[in-house]
Amino acid sequence: MIRKILTYAITGSIGIAPAKAINYTPDNVSTSIALMTPGNNSESYSLSLQKSEHTPYDYQATASEKLPVMILQNVEQIDGKHRITVTITAFEDIYFNLGIQVKTGYRHDDCQFYMPGFWYRRNLRSPKEAPSFHTSDSWTVREDRLSTPLTAIFDEKNGKVVSIIRLDKFETDALTTHETGKVVLSGQTSIGYTGFENISGTASLSFGFPYKETPKTYIRKLTLAPSVEAYQLLHQGESLSLTWELQETEAIDFSDCVRRVWEYSYDTYRPQIVDTPYTPEKMKQTMSNFFTESFVDDAPICYYSGVELRTETCDRTDIAEVGFVGRTLLNAFNAMEYGAQQRRPDLTADAEKIFDSYLQNGFSDAGFFHEVMHHKRNFTEPIHSIRRQSEGAYAALHYLNYEKSQGRKQPEWERRIKEMLDAFLKLQNSDGSFPRKFKDDFSIVDPSGGSTPSATLPLVMGYKYFKDKRYLESAKHTVSYLEKELISKADYFSSTLDANCEDKEASLYAATAAYYLALVTQGKEQAHYADLAREAAYFALSWYYVWDVPFASGQMLGDLGLKTRGWGNVSVENNHIDVFVFDFADVLNWLAKTYGERRFSDFSQVISTSMRQLLPEEGHLCGIAKAGYYPEVVQHTRWDYGKNGKGYYNDIFAPGWTVASLWELLSPGRAERFLEK
């Protein structure tokens, strides 16, 4: 990023035609710079923007005293947006941190805030131990936390949106020895910061370089630490140029804000498919090793060991999990279908053992799945979740449909699944929602409705398979709840089972649920479900990266050449990327055809290609002990799930669900084949 007078900018970005451009003037903009001499405290200087008389720049930022640095700003009007280029030139060696604030003119109390893949509205679903308004109404974060290095502020009262996006090339990062406080970078970074602040009641955009995080930095799950502020060395005579784009537009509501900003982000960065040698066939061939090496048959339940494994060994554990992070039954169906296609009787035989053992020993007295079983400890988790139950029923219905297509009958499995779906009808609340967690006697443990859309999928499939309209009506009732409580309120929460916050999976499941109903309805009803799927899909898409996060030399993921575009952040609590997609790619492709929206199908291809990059195979194990055991907790920012931090994985992972997710991604059209026959 550094050379003698250097400017980087991405040109030709396409955005929404702005309603009225925000003013970028000295009255509206505050600039500051903090300088540090190693071993001494930093000094911060407020700067004023003065019209530049003797340079081609519009402004020079000056302090009340002479500084060893010159800061010039140029502001161009491009398609109604402000392109801001800041050039910093050092007169002597300096360690610096530059900050800019732009007042929006909006009342802070009237605003909602959006940092893609990390901050939605006010993050009030998140606990006070994670970034949220519970802790502060002003936050700045390092850019690599975000699926787009952007902050948007939405004035609900007046329907206005103002955003700031970074347009530089992102090629480098640098290590530090500390996570908090004033830290000196070991080299050059491309990562700055962005965010929002309440300045005397006015909502303001805050951005700068290199990164800082205020009032806290988020270092691991539910662990806020003191703020961090990074300082980068700029040698005497060197110049550094930085570019941002400021835009103001209109939005009807927060959902419209997210849609417009996602389209603008996508058009600005134009993410391209990732060139990998891994075809879908190669992916499945390699991942099938997981089915072989993880298979356990010395327990009452046969299963694939895919939960709580250590990356350094991938040794099997005693945990059988039917859904969520284990996905044993979906993996069994995938192995059965693939084994038949590839003439692999070993795979089909193991898969049959899994289904047979679950039929014999895998159900509770009330007819629900035993979700999590520890056979060596002789312990079965007594609390059920609508998500795991639904994911198990979803896999079983695919299995039943497959068996029927092969001319085989499974009456006991049909009876079990029909009883389970009937139990779903009993469990469903009057508003259409399902409790997130409950017991075998139907008593409620967690009434939250955020996991409701996971139940929609097996209900729609059950309607189609059993020709029972009660299941279809129940599914429609779930989406009525989703429309009223999640989609219309732009409030997608608590779908994942190990967090209570805004998360990707709630919006992804909501979009998929509406898509399933669109496939089995017609006319205006189908159009309504399609509209709901599209609205929720924009929220799900907002979690997926449209840019490539830089890594420091020595950080494994960077050394492997990982491109983060197409990977999705997980949730506000769990700040890492993963390959959770399942049939969301099918949803995007269907929406692309339905609405003529190329962004959906094009980005679906980005997702599909990018998520293949970390396939562990012999000679290219990507930090995983066994071939085909696809990694899970991919730590792409300064955060860890408990171990290792940016550029690495957590030491414990669950390849059960990652293999299942990628397998479904690489098996397009499943829902349409099941539901449209």
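The values are calculated or read from the model by the stated rules, or taken from the named source; none is laboratory data. From a predicted model like this one, the values you see are computed outputs, not experimental measurements. Please note: Cβ atoms are built from the backbone with ideal geometry, for glycine as well, and neighbour counts cover all protein chains shown. We work out accessible area using only protein heavy atoms, side chains counted, and drop any ligands, DNA or RNA first. Shrake-Rupley method; radii C 1.70, N 1.55, O 1.52, S 1.80 Å.
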* **Whole-number accessible area per residue in Å² for the chain, which is evaluated in the context of all protein chains at 1.4 Å** => 36 Å²
* To do: Would you list, by chain and number, the lysines whose Cα falls below 17 Å from the Cα of Lys282, excluding same-chain residues fewer than 8 positions away?
  => Lys626
* Where the centroid of each part is defined by its Cα atoms, how far is segment 312-329 from segment 250-289 in Å? -> 28 Å
* Structure fact -> Checked against the positive end of the charge dipole of the chain (+1 on Cβ of Lys and Arg, -1 on Cβ of Asp and Glu, about the Cα centre), the farthest of Phe584, Val570, Tyr45 is Phe584
* Structure fact -> Listed by chain and number, the lysines with an alpha carbon less than 28 angstrom from that of Lys103, same-chain partners under 8 positions apart left out, are Lys20, Lys51, Lys66, Lys81, Lys128, Lys157, Lys160, Lys169, Lys182, Lys212, Lys216, Lys489
* Ranked from the most accessible area to the least, with a 1.4 Å probe and all protein chains present, what is the order of Arg388, Arg436? -> Arg388, Arg436
* Within the accessible area of the chain (1.4 Å probe), percent carbon and sulfur -> 45 percent
* If ligands, DNA and RNA are left out, what is the accessible area of Arg125 with a 1.4 Å probe, given in Å² to the nearest 10? -> 100 Å²
* Please work out whether segment 266-369 counts as rounded, prolate or oblate from its C-alpha gyration tensor, where a ≥ b ≥ c are the square roots of the eigenvalues and a/c under 1.5 means rounded, while otherwise a/b larger than b/c means prolate and anything else oblate? => prolate
* To do: First check a/c for segment 67-108, with a ≥ b ≥ c the square roots of the eigenvalues of its C-alpha gyration tensor; if it is under 1.5, answer rounded, and if not, answer prolate when a/b is larger than b/c or oblate otherwise.
  => oblate
* Structure fact -> Computed for segment 596-677: size of charge dipole around the Cα centre, +1 on C-beta of each Lys and Arg, -1 on C-beta of each Asp and Glu, debye to nearest 20, value 120 debye
* Pairwise FRET efficiency - Ser488 versus Ile199, Cβ, R0 = 51 Å, nearest 0.05 -> 0.95
* What size of dipole, in debye to the nearest 20, comes out for the chain about its Cα centre when the only charges are +1 on Lys and Arg C-beta atoms and -1 on Asp and Glu C-beta atoms? -> 840 debye
* Using Cα atoms only, what is the angle between the long axis of helix 345-361 and the major principal axis of the chain, expressed in degrees (0 to 90) to the nearest 10? -> 80 degrees
* Asked: What is the antiparallel percent of DSSP beta bridges lying wholly in the chain, to the nearest 5?
  -> 95 percent
* Asked: What is the count of Lys pairs in segment 350-451 whose alpha carbons sit under 16 Å apart, if the two are 8 or more places apart or on different chains?
  -> 5
* **Alpha-carbon centroids, segment 377-402 and segment 450-507: separation in whole Å** => 16 Å
* To do: Classify segment 149-206 as rounded, prolate or oblate, taking a ≥ b ≥ c as the square roots of the eigenvalues of its Cα gyration tensor: rounded when a/c is under 1.5, otherwise prolate if a/b is larger than b/c and oblate if not.
  => oblate
* To do: Within segment 82-142, list the chymotrypsin sites (Phe, Trp or Tyr not before Pro) lying in a DSSP loop whose Cβ has at most 14 other Cβ atoms in a 10 Å radius.
  => Phe91
* Between 0 and 90°, nearest 10: helix 386-405 axis offset from the chain longest Cα axis -> 50 degrees
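Largest first, what is the accessible-area ranking of Asp318, Asp93, Asp137 with a 1.4 Å probe? Each step should come with its number before you reach the end.
Numbers: Asp318 15, Asp93 90, Asp137 55 Å².
Most to least solvent-accessible, the answer reads Asp93, Asp137, Asp318.
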* Enter the angle in degrees (range 0 to 90, nearest 10) between the Cα long axis of helix 280-293 and the first principal axis of the Cα atoms of the chain, meaning the one along which they spread out most. => 60 degrees
* To do: Take the Cα of Ala349, step 7 Å along the line toward its Cβ, and report every residue of segment 380-419 whose backbone nitrogen sits under 16 Å from that point.
  => none
* To do: Compare the peptides 168-180, 446-458 by average per-residue count of other Cβ atoms within 10 angstrom and give them in order, highest first.
  => 446-458, 168-180
* Report the FRET efficiency, 1/(1 + (r/R0)^6), for Glu412 and Ser553, where r is their Cβ-Cβ distance and R0 is 51 Å, rounded to 0.05. => 0.35
* In segment 615-677, the chymotrypsin sites (Phe, Trp or Tyr not before Pro) that fall in loop regions by DSSP, at most 16 other Cβ within 10 Å -> none
* Asked: Taking the Cα centre of each part, how many Å lie between segment 337-355 and segment 562-618?
  -> 28 Å
* Structure fact -> When every protein chain stays in place and a 1.4 Å probe is rolled, Phe466, Phe539 sorted by accessible area with the largest first are Phe466, Phe539
* Structure fact -> In the chain, taking the dipole from +1 charges on Lys and Arg beta carbons and -1 charges on Asp and Glu beta carbons about the Cα centre, the listed residue (Thr180, Tyr57, Cys257) farthest towards the positive end is Cys257
* Asked: With +1 on each Lys and Arg Cβ and -1 on each Asp and Glu Cβ, how big is the dipole of segment 443-529 about its Cα centre, in debye rounded to the nearest 20?
  -> 520 debye
* Asked: Which FRET efficiency value, to the nearest 0.05, is calculated for Gln236 and Thr25 with the Förster distance at 25 angstrom and r the Cβ-Cβ distance?
  -> 0.20
* Sequence-distant aspartates and glutamates (8 or more away, or on other chains) whose Cα lies within less than 20 Å of Lys469 -> Glu414, Glu419, Asp422, Asp431, Glu525, Glu672, Glu676
* Asked: In nm, what is the difference between 0.36 nm times the number of residues separating Lys66 and Asp531 and their Cα-Cα distance?
  -> 161.6 nm
* Dipole of the chain [Lys/Arg +1, Asp/Glu -1 at C-beta], most positive-end residue of Val29, Asn401, Val296 -> Asn401
* Extension gain Ser667-Thr317, at 0.36 nm per residue separation less the Cα-Cα distance, in nm? -> 123.2 nm
